[in-house]
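First up is the structure itself, then whatever we jot down about it.
What follows draws every value from the coordinates through simple rules; no lab data is involved. Here the structure is a predicted model, which is why all the values come from computation and not from measurement. Every residue, glycine as well, gets a Cβ built from its backbone with ideal geometry; the counts of neighbours run over all protein chains shown.
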């Protein structure tokens, strides 16, 4: 089972460049999430989706956009990258319903110079 | 805003020692989860506790949910180098959100041979 797959694993961007991070899950999960993880800050929720075609803002949404056109895919976009967006980004998914844990991808390490 | 405080932030011990990690909040949670994250990987779910006072065991790991469902602890008996990693607690309150997890900042455990 692939679970949650994130691409790319590493990326270096110049300030002002744009990019899209792809998250794909093969578990038929309804809910999907994008987090960023920074030293001393823990995991912070950027955006999430409770189903195909729906998205919502999390704790730190500014500077990011997302789309969930297909149930299995959740895309995170950076329109104009800033050094403050240097981080490790994790995608996660879970089934609908209470008590389920999240399945995380292995992360994308993004550096903005 | 619900917060989860984890302590200690860092823990370095010798193989064979016992340890306890704490996760505390002033808020009540519907359930609480523990994850372990290894370097370069995403968090992996260890356990979910739901009922106040609940105790769950996973080999040498014992998880407890506080009676008031505001806190939790993770106890490891006879720690081994393979236990090294970042331990994260995460709580959810289904009454206040879409069931999004709130993560603590983690306890970084190092077990030396």
*Given 4 °C and 1.567 mPa s, how large is the Stokes-Einstein diffusion coefficient of chain B in µm²/s, with Rh as the Kirkwood radius over Cα pairs?*
92 µm²/s
*How long are the three semi-axes of the equivalent ellipsoid of the protein assembly as shown, in whole Å, if each is the root of 5 times an eigenvalue of the C-alpha gyration tensor, listed from largest down?*
30, 21, 16
*Let me know the mean shielding of B:37-44 by other chains, meaning the per-residue number of their Cβ atoms within 10 Å of its Cβ.*
6
*Highest first, please rank the peptides B:45-51, A:6-12 by the mean number of other Cβ atoms sitting within 10 Å of their residues.*
B:45-51, A:6-12
*Considering every residue in A:19-32, what mean count of other chain Cβ atoms within 10 Å of its Cβ is obtained?*
0
*asked:* Once you place label points 7 Å from the Cα toward the Cβ at residue B:51 and residue A:2, how far apart are they in nm?
replied: 4.0 nm
*Kirkwood Rh over Cα pairs of the range B:46-88 into Stokes-Einstein at 10 °C, 1.306 mPa s: D in µm²/s?*
143 µm²/s
*Beyond 11 Å, what percent of the Cα pairs of the range A:1-42 remain?*
76 percent
*Could you give the distance between the Cα centres of the range A:69-102 and the range A:6-21, to the whole Å?*
14 Å
_Over the Cα atoms, compute the radius of gyration (one decimal) and Dmax (the largest Cα-Cα distance, rounded to a whole number) for chain A, in Å._
13.3, 41
*Find the centroid of the Cα atoms in the range A:27-55 and in the range B:48-64, then give the distance between the two in whole Å.*
26 Å
*For a label point 7 angstrom out from the Cα of residue B:20 toward its Cβ, which stretches of the range B:51-75 have the backbone nitrogen within less than 11 Å?*
B:64, B:73-75
*For the range A:53-113, just run the numbers: alpha carbon Rg, then divide by 2.2 N^0.38 Å, N being how many residues it has.*
1.25
*asked:* With both bridge residues required to lie in chain A, what share of the DSSP beta bridges run antiparallel, to the nearest 5%?
replied: 90 percent
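Once you have the Kirkwood Rh of the range B:3-46 from its Cα pairs, apply Stokes-Einstein at 10 °C and 1.306 mPa s and quote D in µm²/s.
124 µm²/s
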